[in-house]
């Protein structure tokens, strides 16, 4: 059973996650901040952690661009949840693929582990991430050979819809790809909740 919680800004919708996931206190979450490594602004990493800790979750951080294969496998398979923060989607995909974490994450989701995506973490599970080029710089992922995403969902999340400073970038994505792709724009206060084939948007 696929169960996913996709957000633009996790701290703004954390209360919805508690309802969605059920009892989370004392459970462990593999927290992947890799997308933020190449970004100057990364306040959302701390705010995401704080929101998780406030719920009583135990954070086990995993930076996939520097972790060993054993660390990646152990943390992704043994912890209760997987959380990928925002940042540069292209760098994130590059490092997930290089490390082999992409395959393990996909396997764990198929086994029913709850996946939490925030911004870049929401985009990377789509069929292809090229549409995010208005939000992120492709130049930060020089080793990325293919734009094919993790292909865990058949739609394309578009985070930060109507929110500064991304408003114009999101409008550009919708104007460019709106007819060709199944885009799902969400604001910072609208998570996408997915349980198997049931996909819905909540508003906070």
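Quick notes on this one:
- Highest-first arrangement of 172-179, 71-78, 58-65, 131-138, where packing means the average Cβ count within 10 Å: 131-138, 58-65, 71-78, 172-179
- Within the chain, antiparallel bridges make up roughly 30 percent of the DSSP beta bridges whose residues both belong there.
- All Cα pairs of the chain, percent lying beyond 26 Å: 24 percent
- Distance between the range 109-135 and the range 14-32 - C-alpha centres, whole angstrom: 18 Å
- The stretch between residue 42 and residue 1, if pulled fully straight at 0.36 nm per residue, gains 11.6 nm over its current Cα-Cα span.
- Distance between modelled label sites at residue 154 and residue 71, nm, 7 Å Cα→Cβ extension: 3.8 nm
- Shape of the range 1-48, Cα gyration tensor, a/c cut at 1.5: prolate
Only the coordinates and a few stated rules stand behind these numbers; no lab work does. Note that the coordinates shown come from a computational prediction; the quantities given were computed from them, not determined experimentally. No Cβ is skipped: glycine too gets one built from the backbone with ideal geometry, and neighbour counts run over all protein chains shown.
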